[in-house]
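Read through the structure below, which is laid out as structure tokens, and then see the notes.
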Amino acid sequence: MSIIQINNLKKSFGTNVVLQGIDLTIAKSEVVVVMGPSGSGKSTLLRCLNFLEEPTEGNIRIGDFQVDSGGKANRKRKKEIRELRKRTGFVFQSFNLFPHKTAIENVMEGPIIIHGTKIEEARILAKALLTKVGLGERCDYYPAQLSGGQQQRVAIARSLALNPMVMLYDEPTSALDPELVKEVLQVIKDLAREGMTMIIVTHEMSFAKDVADRVIFMDKGVIVEQGTSEEIFLNPKEERTRQFLSIVE
Ligand SMILES: Nc1ncnc2c1ncn2[C@@H]1O[C@H](COP(=O)(O)OP(=O)(O)OP(=O)(O)O)[C@@H](O)[C@H]1O
Ligand SMILES: [Mg+2]
């Protein structure tokens, strides 16, 4: 069974229709890269997936759990949305770490607050995850003492600490100096190899070629075309895709 199912997802901001009815099914362990021009709705798609934005229409299923758009904002619904969010890890362009907490405290926080994990257990988990992203020696550093690439890897570890079914990345390397991009992409590649299901919005073409099982090209709130990275990068069928690729390459 697919791990993510998006049905007829629509999102408008006032009269601005940003997502025009997206249908998307993603298999377990699939790595999907989303590309497209600025304003095409990539971030909105990711944000609607865990209801950081409330979709105008449609529904989202992650794992065995479905949330429909348009529900009343009552306590039951808040709980539904929390359940959905538990299934996703979200990594933003701007790392969003707590500045007054060390790397390890940043990673421990979620399991303690959300899962009720005991402090010592959370510390062991956090240490293992920071080691996994290459920061085992930086546990006690504060975000300001870490490079952008290191901060982003802490942010990835922090998301992983909640044991999500799927990881969502919104341009995870676009705020980084070029020499720091590689270390973050490597961590994401390692996760792909381990079978983590991921949706990644990125402009990093060679990374996309490397890691993507499927590349989706979006424009103006629709999926214009999708296929393997070879199909999309070497042999795009749609004029809009060709135009976009000629600009970013
Ligand atoms: N909170 C909001 N309120 C109003 N309009 C919004 C909001 N968020 C996004 N939009 C609009 O939705 C459209 C799509 O934005 P979105 O951020 O999803 O694009 P994007 O593909 O991620 O672009 P970029 O590559 O620049 O990040 C834009 O026209 C944007 O102005
Ligand atoms: Mg965006």
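Here, each number is a calculation from the coordinates, and none is a lab measurement. Everything numeric here is computed off the predicted structure, so don't read it as measured data. In this analysis, Cβ positions are derived from the backbone assuming ideal geometry, glycine residues included, and neighbour counts consider all displayed protein chains.
For the reader, a short list of remarks on this structure follows.
- Highest mobility in the GNM of the chain, judged by mean-square fluctuation with C-alpha springs under 10 Å and restricted to Gly221, Gly89, Gly70, is found for Gly70.
- Segment Asn16-Glu179, extension gain: residue separation times 0.36 nm, minus the distance between their alpha carbons: 54.9 nm
- Here the sum of -39500 (n - 2.57) over DSSP H runs of 4 or more residues, divided by the residues of the chain, equals -12000 deg cm²/dmol at 222 nm, to the nearest 500.
- Considering only beta bridges that DSSP places wholly inside segment 143-230, some 50 percent are antiparallel.
- Only Lys, Arg (+1) and Asp, Glu (-1) charged, at Cβ; segment 110-242 dipole about Cα centre in debye: 320 debye
- Residues whose amide H lies under 5 Å from that of Thr56, counting only those 5 or more places away or on a different chain, are Lys10, Lys11, Ser12; hydrogens are built 1.01 Å from N in the peptide plane.
- For Glu30, distant residues with modelled amide H under 5 Å away: Met198
- All other residues whose Cβ lies under 12 angstrom from that of Gly221 are scored, Lys and Arg at +1 and Asp and Glu at -1, for a net of +3.
- In sequence order, segment 116-133 has phi-based couplings of x, 5, 5, 3, 5, 5, 5, 5, 5, 4, 5, 4, 4, 6, 5, 5, 4, 8 Hz under the Karplus curve 6.51 cos²θ - 1.76 cosθ + 1.60, θ = phi - 60°, and Gly or Pro positions carry x.
- Bridgeable lysines around Lys182 (alpha carbons under 18 Å apart, same-chain partners fewer than 8 residues away excluded): Lys132, Lys209.
- Between Arg87, Arg138, Arg75, the GNM of the chain built on Cα springs shorter than 10 angstrom shows Arg75 fluctuating the most.
- Rounded to the nearest Hz, the phi-derived 3J(HN,Hα) couplings of segment 75-82 under the Karplus curve 6.51 cos²θ - 1.76 cosθ + 1.60 (θ = phi - 60°) are 5, 4, 5, 4, 5, 4, 5, 4, where x marks glycine and proline.
- In order along segment 83-97, phi translates into HN-Hα couplings of 4, 4, 5, 4, 8, 10, x, 10, 10, 9, 4, 9, 4, 6, 7 Hz, rounded to whole numbers, per the Karplus curve 6.51 cos²θ - 1.76 cosθ + 1.60 with θ = phi - 60° and x for Gly and Pro.
- Residue-span extension gain [Glu120 to Gln145] - 0.36 nm each, minus C-alpha spacing: 6.6 nm
- Charging the Cβ of each Asp and Glu at -1 and of each Lys and Arg at +1, and nothing else, the dipole of the chain about its Cα centre rounds to 1000 debye.
- Kirkwood Rh, Cα atoms: Rg over Rh of segment 8-159: 1.02
- Comparing Ile200, Ile26, Ile114 in a Gaussian network model of the chain (Cα springs below 10 Å), the most mobile by mean-square fluctuation is Ile114.
- Environment charge of Ile200, counting only residues whose C-beta is closer than 12 Å and scoring Lys/Arg +1, Asp/Glu -1: -3
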